[in-house]
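Each remark here refers to the structure printed beneath this line.
The values are calculated or read from the model by the stated rules, or taken from the named source; none is laboratory data. Fair warning: this is a prediction, and the values are worked out from it, not measured in the lab. Backbone-built Cβ (ideal geometry, glycine too); neighbour counts: all protein chains shown.
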């Protein structure tokens, strides 16, 4: 369903289990960044009314998820750690060339967002199935569904605003590129790393 070309190595869950505080901190910041992305799309593309409507709802949802993750951190007696650079996102953002038309930039941003949500969904599924911590496994099962909905929403908008054939080619090329990135990741207790 997600179209990912390289699945996450299941051993990544073992790294996460030994570093629950780290994954929760990273996850909280991922939710905050997702809300910021939604707001940025509103600010940069206000003329796309349907996008603005959906991004407004998404920003609220992502901040609600941030609070849910933060509440898990606090309940375990921890504090939210500092934000870290997301190497996955950093590398992913190198794929599409800078410049180009405003519409191309929008489509590229939507495709990046779709892929980030797809990978998060895949990782949350792994956590929901493999974590020994039942509370967190159930938590990630619920969030996995949201991530899948976000992935399909972003991809649908890209296809709606661009030429379907061109968008699908870009999407497939991005999936291949992302698989290469993933070969070097999966060694850290981060959502994407």
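One residue alone among 96, 66 is touching a helix residue (DSSP H, G or I) at 6+ places or on another chain (Cβ under 8 Å), surrounded by 18 or more Cβ atoms within 10 Å (Cβ to Cβ), outside any helix (DSSP H, G or I) and at pLDDT 95 or above, and that residue is 96.
Okay, residues lined up against (1) under 22 Å from residue 112 (Cβ atoms); (2) over 14 Å from the mean Cα position of the chain (by Cα); (3) part of a helix (DSSP H, G or I); (4) touching a residue at least 24 places away in the same chain (Cβ under 8 Å):
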{"site": "6", "(1), (2), (3), (4)": "yes, yes, no, yes"}
{"site": "9", "(1), (2), (3), (4)": "no, yes, no, yes"}
{"site": "13", "(1), (2), (3), (4)": "no, yes, yes, yes"}
{"site": "16", "(1), (2), (3), (4)": "no, yes, yes, yes"}
{"site": "22", "(1), (2), (3), (4)": "no, yes, yes, yes"}
{"site": "26", "(1), (2), (3), (4)": "yes, no, yes, yes"}
{"site": "30", "(1), (2), (3), (4)": "yes, no, yes, yes"}
{"site": "34", "(1), (2), (3), (4)": "yes, no, yes, yes"}
{"site": "39", "(1), (2), (3), (4)": "yes, yes, yes, no"}
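Would you confirm whether any residue within the range 77-87 is within 16 Å of the chain's Cα centre (by Cα) and either on the phi > 0 side of the Ramachandran plot or in a helix (DSSP H, G or I) (or both)? Write out each step before concluding.
Filtering the range 77-87 for residues within 16 Å of the chain's Cα centre (by Cα) gives 83-87.
Remaining after also requiring either on the phi > 0 side of the Ramachandran plot or in a helix (DSSP H, G or I) (or both): 87.
Looking through the range 77-87, at least one residue is within 16 Å of the chain's Cα centre (by Cα) and either on the phi > 0 side of the Ramachandran plot or in a helix (DSSP H, G or I) (or both).
With the structure loaded, tell me whether residue 147 is closer than 22 Å to residue 20 by Cα and either modelled with pLDDT of 95 or more or in contact with a helix residue (DSSP H, G or I) (Cβ under 8 Å, 6 or more places away or on another chain) (or both) or whether it fails that test. Yes.
Within the range 99-116, the set of residues being closer than 19 Å to residue 164 by Cβ and not in a helix (DSSP H, G or I) comprises 100, 101. Considering the conditions (1) surrounded by 14 or more Cβ atoms within 10 Å (Cβ to Cβ); (2) over 17 Å from the mean Cα position of the chain (by Cα); (3) under 22 Å from residue 67 (Cα atoms), residue 135 is excluded by exactly one of them, (1).
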